[in-house]
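Enquirer: Supplied in structure tokens, the structure appears directly below.
The values are calculated or read from the model by the stated rules, or taken from the named source; none is laboratory data. These numbers come from a predicted model, not from an experiment. So basically every Cβ, Gly included, is an ideal-geometry build from the backbone, and we count neighbours across all protein chains shown. When the accessible area is computed, the model is the full protein with side chains, heavy atoms only, and any ligands, DNA or RNA have been set aside. Shrake-Rupley method; radii C 1.70, N 1.55, O 1.52, S 1.80 Å.
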Amino acid sequence: RGRAADSVVSASTYKLYIAMMLFSKMDAGQITWNDQIQGTTVKTYFDQMIVQSLNNCSEDWINQFGRSKLNAFLYSKGISSATTFTAADAAHTSANDLLKTLIGLQNGSLYSGQNRDTLLGDMGRQVYRNGVPAGTSGSVQDKVGFFWDYNHDAAIVHTSKGSYALAIMTKGESFGEIAAITKQLETIMYP
């Protein structure tokens, strides 16, 4: 948990927060998977945002929801002010907030039902697998982020010895280093 409360550039890990707000709007009947957005369905757009990590999708939703409203929504869900969509340089988050989000995803307290299953499925097939997935023999549902010299991976890992959530946020390190950290953690957790 080194510096886990520090607010740092989130890169694409913030897309987990976009999903949380999108699902809230779905639960309220304001958006459906079949609605049209930018010439495709919300479902296709969502899959592109998580699986390929396409930024145009998440940026459209940020503009639609509003940065300050996103912050207020997340804070109402227990996410700390280390996470913000209104920082001057880029969206920010902390490893603690990502862990809280992953745990809430896994146990159904922050995401639920079919929407939760959709997000977990997309995270399990996202295309960037050189971080946490490369450091474990377990199955991984994760969301990476890479921007400037930040490389992050927020993951739920399922091994034969147990499941755990992990958020590794780095500056100036490679996804290979994230894989090495994962492998080292597992040797400590599962000797």
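Enquirer: Here's a check for you: in segment 125-137, which residue that is over 12 Å from the mean Cα position of the chain (by Cα) and over 16 Å from residue 180 (Cβ atoms) is surrounded by the fewest Cβ atoms within 10 Å (Cβ to Cβ)? It would help to see each step written out before you state the result.
Expert: Kept after step one, since they are over 12 Å from the mean Cα position of the chain (by Cα), are these residues of segment 125-137: 125, 127-137.
Now narrow it down to the ones that are over 16 Å from residue 180 (Cβ atoms): 125, 127-128.
On the way: 125: 11, 127: 8, 128: 18.
Residue satisfying both the conditions and the ranking: 127.
Enquirer: Among the residues of segment 24-59, how many are farther than 24 Å from residue 82 by Cβ, aliphatic (A, V, I, L, M) and open to solvent by less than 60 Å² (accessible area, probe 1.4 Å)?
Expert: Count: 5.
Enquirer: Give just the number: which of (1) of a type outside the set (A, V, I, L, M); (2) closer than 28 Å to residue 27 by Cβ; (3) open to solvent by 10 Å² or more (accessible area, probe 1.4 Å) does residue 111 not satisfy?
Expert: (3)
Enquirer: Ok, one more. Go through (1) under 13 Å from the mean Cα position of the chain (by Cα); (2) of a type in the set (A, V, I, L, M, F, W, C); (3) farther than 22 Å from residue 139 by Cα; (4) open to solvent by 20 Å² or more (accessible area, probe 1.4 Å) for residue 21 and report which single condition fails.
Expert: Failed condition: (4).
Enquirer: If the Cβ limit is 9 Å and pairs must be 6+ apart or interchain, which residue in segment 156-177 that is farther than 16 Å from residue 133 by Cβ and touching a residue at least 40 places away in the same chain (Cβ under 8 Å) pairs with which residue that is of a type in the set (Gly, Ala, Ser) and surrounded by 13 or more Cβ atoms within 10 Å (Cβ to Cβ)?
Expert: Going by the 9 Å Cβ cut-off, the qualifying pairs are 169/4; 169/10; 169/11; 169/94; 169/95; 169/145; 169/154.
Enquirer: Does residue 26 satisfy being out of contact with any strand residue (DSSP E or B) (no Cβ under 7 Å at 6 or more places or on another chain), hydrophobic (A, V, I, L, M, F, W, C), at pLDDT 95 or above and closer than 17 Å to residue 155 by Cα? If you could, list the steps in order and put the result at the bottom.
Expert: Values: out of contact with any strand residue (DSSP E or B) (no Cβ under 7 Å at 6 or more places or on another chain): yes; hydrophobic (A, V, I, L, M, F, W, C): yes; at pLDDT 95 or above: yes; closer than 17 Å to residue 155 by Cα: no.
So residue 26 does not fit the description; no.
Enquirer: Now a separate question. Do any residues in segment 105-131 that are under 15 Å from residue 45 (Cα atoms) and modelled with pLDDT of 95 or more have Cβ atoms under 9 Å from those of residues that are assigned to a loop (DSSP other than H, G, I, E, B) and open to solvent by 20 Å² or more (accessible area, probe 1.4 Å), where the two are at least six apart or on different chains, and which pairs are they?
Expert: 115/33; 118/33
Enquirer: Quickly run through segment 138-155 and pick out the residues that are open to solvent by 50 Å² or more (accessible area, probe 1.4 Å) and either in contact (Cβ under 8 Å) with a residue 60 or more places away in the chain or of a type in the set (Gly, Ala, Ser) (or both). I'd like the intermediate steps shown before the answer.
Expert: Here is the first cut: in segment 138-155, the ones open to solvent by 50 Å² or more (accessible area, probe 1.4 Å) are 139, 146-149.
Within segment 138-155, 139, 146, 147, 148 qualify.
Enquirer: Next up: For segment 10-48, what are the residues that are over 19 Å from residue 104 (Cβ atoms) and in contact with a Lys or Arg (Cβ under 8 Å, 6 or more places away or on another chain)? Give the derivation first.
Expert: First, the residues of segment 10-48 that are over 19 Å from residue 104 (Cβ atoms): 11, 29-45, 47-48.
The answer is 31, 33, 34.
Enquirer: Only one of these is modelled with pLDDT of 95 or more and open to solvent by 40 Å² or more (accessible area, probe 1.4 Å): 186, 177. Name it.
Expert: Numbers: 186 fails: open to solvent by 40 Å² or more (accessible area, probe 1.4 Å).
None of the others qualify; the one that does is 177.
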